[in-house]
There are 4 protein chains.
Amino acid sequence: MRPDDLTIRPLAQDDEHDWRRLWTAYLDFYKTRVPEEVYRTTFARLLSGDPWEFNGLVAEQGGKLVGLAHYLFHRTCWKLENVCYLQDLFCDPERRGRGIGRSLIEAVYAEADKHGAPGVWWLTQEHNYMGRMLYDKVGVKTPFIRYSRHE
Amino acid sequence: MRPDDLTIRPLAQDDEHDWRRLWTAYLDFYKTRVPEEVYRTTFARLLSGDPWEFNGLVAEQGGKLVGLAHYLFHRTCWKLENVCYLQDLFCDPERRGRGIGRSLIEAVYAEADKHGAPGVWWLTQEHNYMGRMLYDKVGVKTPFIRYSRHE
Amino acid sequence: MRPDDLTIRPLAQDDEHDWRRLWTAYLDFYKTRVPEEVYRTTFARLLSGDPWEFNGLVAEQGGKLVGLAHYLFHRTCWKLENVCYLQDLFCDPERRGRGIGRSLIEAVYAEADKHGAPGVWWLTQEHNYMGRMLYDKVGVKTPFIRYSRHE
Amino acid sequence: MRPDDLTIRPLAQDDEHDWRRLWTAYLDFYKTRVPEEVYRTTFARLLSGDPWEFNGLVAEQGGKLVGLAHYLFHRTCWKLENVCYLQDLFCDPERRGRGIGRSLIEAVYAEADKHGAPGVWWLTQEHNYMGRMLYDKVGVKTPFIRYSRHE
């Protein structure tokens with residue numbers, strides 16, 4: 001159940017400052033950083049409205065941004081309709097356990113339905129226990145694991 | 001090392017018959033089927049040349065199609081350049097162990113380099129032992145596992 | 001750090017009532033039950049002092065049993081000394097996060113050292129997130145997974 | 001089906017030379033070594049007939065030892081009867097795929113039945129694909145993973 005004072009809405013131009021703060025905290029979780037140019041480009045792409053670009057949702061509570069989600073519609077060979085890839089999901093650690101992450105995922109599900117692309121998937125590290133406690137409730141673990149080219 | 005008589009080349013209009021045979025065998029491996037409309041649409045998308053559609057490579061040996069790969073370039077929030085998602089990879093089971101799968105993956109790597117999107121990733125089932133024997137050689141297992149929305 | 005008012009001590013004859021309560025709650029966690037004869041036999045074995053039987057430790061707080069650990073020394077082909085298998089570990093769910101589980105594991109480590117069998121291992125379900133948060137701190141995940149005969 | 005010329009029998013005193021060769025190859029697989037004293041002690045324990053020591057089975061083909069299995073009966077808190085832990089299983093790599101590993105496991109199952117301890121379990125590395133292809137046929141993967149004390 002979404003908390004009363006929580007709003008999930010599309011990312012907007014004015015959110016840039018807060019969005020940078022939240023996304024940096026998210027990247028910290030993965031012990032990574034991105035250069036300034038990636039912040040600038042990704043923010044612009046999120047707001048572009050282009051159907052092949054990532055979209056952004058933010059969670060607002062008490063006039064403050066407390067969470068974000070970045071999702072992309074992309075082709076799949078197995079279906080006519082697109083599927084939705086949820087790449088980034090973040091919730092202010094001080095507000096964990098209050099339904100923000102779940103509300104963001106459910107809002108992505110609603111967007112996916114609206115776009116006729118009900119399939120939604122995401123990746124998480126096997127040892128992301130806090131995340132998986134939520135994911136087991138709102139989704140289902142598949143037997144698929146990710147490989148990548150050596151970098 | 002690519003076998004001498006093996007050619008990897010882009011999927012072409014004339015391959016439809018053989019492509020259907022190989023892709024059906026691939027879908028059988030995953031114990032799934034897709035309707036005729038998906039065959040038709042996916043084949044057309046693979047040949048469309050649209051940068052947001054899947055691309056196809058096929059392996060040819062002795063005048064016969066013996067393998068295929070479907071890959072997609074898509075955005076990532078973490079980088080300026082796109083990344084390459086290898087969704088489908090298949091090699092005729094009677095010709096396993098002769099370098100066809102590896103040659104297809106390496107050809108996808110080359111395409112990714114050519115498109116300025118060197119990052120390549122794919123998903124496989126944890127228990128796909130035959131596949132993973134190859135993937136451990138040409139790539140690296142990550143700690144990421146896939147979740148999806150309940151269907 | 002062990003909480004001030006927490007005592008870890010060997011299971012004793014007088015603990016039977018409380019031990020049954022805690023072990024039942026533990027078995028509930030694994031959605032299993034055992035017949036009365038197993039309660040009786042296991043409790044007797046835990047107190048037998050026989051070197052090939054399981055040993056029991058309990059956690060006591062405020063005059064109440066709040067946790068238990070069952071561990072066994074057994075041979076290994078790879079070493080001269082025995083190793084220690086921690087089969088059952090349980091902490092009253094209402095007192096989670098206060099160091100009881102960790103104190104029990106550390107007490108098992110100390111017993112293992114005392115017996116000249118410093119190697120200690122245990123199994124846990126991949127999705128036991130709460131347990132694994134603790135285990136990642138006091139031990140290390142290995143790449144080993146458990147197979148068993150069909151039952 | 002056990003190959004015609006394959007015999008599975010208990011390890012015997014005269015097998016020491018061949019047993020050392022096979023066990024060394026097995027330990028090589030795990031990139032480990034054990035000192036001479038462990039070879040001597042483990043071999044003696046395997047032949048001791050003591051119910052709390054490991055037992056050995058060997059596979060013989062054409063007058064040659066081609067495989068081994070080391071298994072232990074031990075207590076479990078959850079049952080009256082013991083369970084059987086299969087620690088070491090090895091088959092000469094040049095004879096893989098001919099039913100030697102499977103015959104050894106089935107012989108361990110038969111020993112477990114004979115001892116009234118039908119439950120048999122073993123551990124394997126998640127990436128032991130060759131082993132797991134066999135284990136998925138003769139047994140079942142459980143969700144349990146192994147943790148151990150830092151060494």
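The values are calculated or read from the model by the stated rules, or taken from the named source; none is laboratory data. If you're wondering where the values come from, they're calculated on a predicted model, not measured in any experiment. Ideal geometry is used to build each Cβ from the backbone, glycine not excepted, and the neighbour counts take in all protein chains shown. Side chains included, ligands, DNA and RNA excluded: accessible areas come from the protein's heavy atoms. Shrake-Rupley method; radii C 1.70, N 1.55, O 1.52, S 1.80 Å.
Per-structure values
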read-out: All positions within the range A:35-44 that are surrounded by 14 or more Cβ atoms within 10 Å (Cβ to Cβ) and under 21 Å from A:VAL66 (Cα atoms); value: A:TYR39, A:THR42, A:PHE43
read-out: Residues (in contact with a strand residue (DSSP E or B) (Cβ under 8 Å, 6 or more places away or on another chain) and open to solvent by less than 30 Å² (accessible area, probe 1.4 Å)) located in the range A:9-33; value: A:LEU11, A:ASP15, A:TRP19, A:LEU22, A:TRP23, A:TYR26
read-out: Test: residue in the range B:89-106 that is closer than 26 Å to A:TYR26 by Cβ, at pLDDT 95 or above and at the interface with chain A (Cβ under 9 Å from one of its Cβ atoms); value: no
read-out: Selection from the range D:11-40 of residues that are closer than 16 Å to D:GLN87 by Cα and of a type in the set (S, T, N, Q); value: D:THR24, D:THR32
read-out: Odd one out for A:LYS141 among (1) in a strand (DSSP E or B); (2) of a type outside the set (A, V, I, L, M, F, W, C); (3) closer than 19 Å to A:ASP15 by Cα; value: (3)
read-out: Close pairs from the range C:136-151: first more than 7 Å from chain D (Cβ to nearest Cβ), partner open to solvent by less than 50 Å² (accessible area, probe 1.4 Å) and not in a strand (DSSP E or B), Cβ under 6 Å, at least 6 apart; value: C:VAL138/C:ILE105
read-out: One residue from A:GLY56, A:GLY62, A:GLY101 being of a type in the set (Gly, Ala, Ser) and out of contact with any helix residue (DSSP H, G or I) (no Cβ under 7 Å at 6 or more places or on another chain); value: A:GLY62
read-out: Residue check for A:THR142: buried (at least 19 other Cβ atoms within 10 Å of the Cβ) and among the hydroxyl-bearing types (Ser, Thr, Tyr); value: no
read-out: Close pairs (9 angstrom Cβ cut-off, 6 or more residues apart or separate chains): in contact (Cβ under 8 Å) with a residue 40 or more places away in the chain and at positive phi in the range A:103-123, surrounded by fewer than 22 Cβ atoms within 10 Å (Cβ to Cβ) and not in a helix (DSSP H, G or I) anywhere; value: none
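Here's the yes/no breakdown for (1) more than 21 Å from A:SER148 (Cα to Cα); (2) over 16 Å from the mean Cα position of the chain (by Cα); (3) facing chain A (nearest Cβ under 8 Å):
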site	(1), (2), (3)
B:ARG9	yes, no, no
B:ASP15	yes, no, no
B:TYR26	no, no, no
B:PHE29	yes, no, no
B:ARG33	yes, yes, no
B:SER48	yes, yes, no
B:ASN55	no, no, no
B:ALA59	yes, no, no
B:CYS84	no, no, no
